[in-house]
Each structure stands twice: as structure tokens, then as C-alpha cells.
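The structure under discussion appears below in the form of C-alpha cells.
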Amino acid sequence: MNRRKNKEEMRKLVAQWKTSELTRKEFSQQNNIAETKLGYWQKKFKKTETPKQFIPLVVQEKYHDINIPLEIHYPNGVKIKSLQKLDIRTIKELVTII
């Protein structure tokens, strides 16, 4: 197996492990891969990931009662759209859930 193919396969495995609810040890055993190898690639990919930045939302008091559409766009492509008026508490819950 060439290096490039191995790297892409490991990227897929690391992504699968992150979305699973398994420990690294359990995932490694189920996928017949050394736990240390999975850990190595996890750290390697983590170093190359671009940091995600959070842009704070500041709502001024004068805008609390205005009924305007709300759209929240996350870096991973998830979008939340609402045409109804939402209170600040609901918006905060939506932001922290995703």
C-alpha cells in the first residue's frame, strides 16, 4: 500500500472512530488496527486541522423585539434558519447544541 492511500484510509478510520461511541481501544480492536497507530494518526491529523473560530453574537437591547429571519451558519456546513421570532435563550440553546 502506498503512503498516500494509507494516509487517506487512516483519515477515514480516524473520522469513523470520532463519530463512533467507542473508546480508541475498542475501535482499534474491532477494526484490526494497533491502538497506537490510530492514536498516532489522530494526533497527526489534529495538528493539520485549521482551528475553528467562534464569532460572538452580540444582541443590542433595541433589537430584542424586532421580528426578522435568523440564519446561523456553522463551519461544518450546518445551517439553522428560522422565520419566527426567537428569544435570546432559544438562540443560545441552538448555538450550544450544535
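Overview of values
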| read-out | value |
| --- | --- |
| Length added when fully stretched, His73-Ala15, from 0.36 nm per residue minus Cα-Cα | 18.7 nm |
| Net charge dipole size for region 3-48 [Lys, Arg +1 and Asp, Glu -1 on Cβ; Debye, nearest 20] | 420 |
| Inter-label distance for Thr90 and Lys37, nm, one decimal - labels placed 7 Å from Cα along Cα-to-Cβ | 5.0 |
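FYI, it's all coordinate maths here, none of it is from the lab. From a predicted model like this one, the values you see are computed outputs, not experimental measurements. For neighbour counting, all protein chains shown are included, and Cβ atoms are generated from backbone atoms with ideal geometry for every residue, glycine included.
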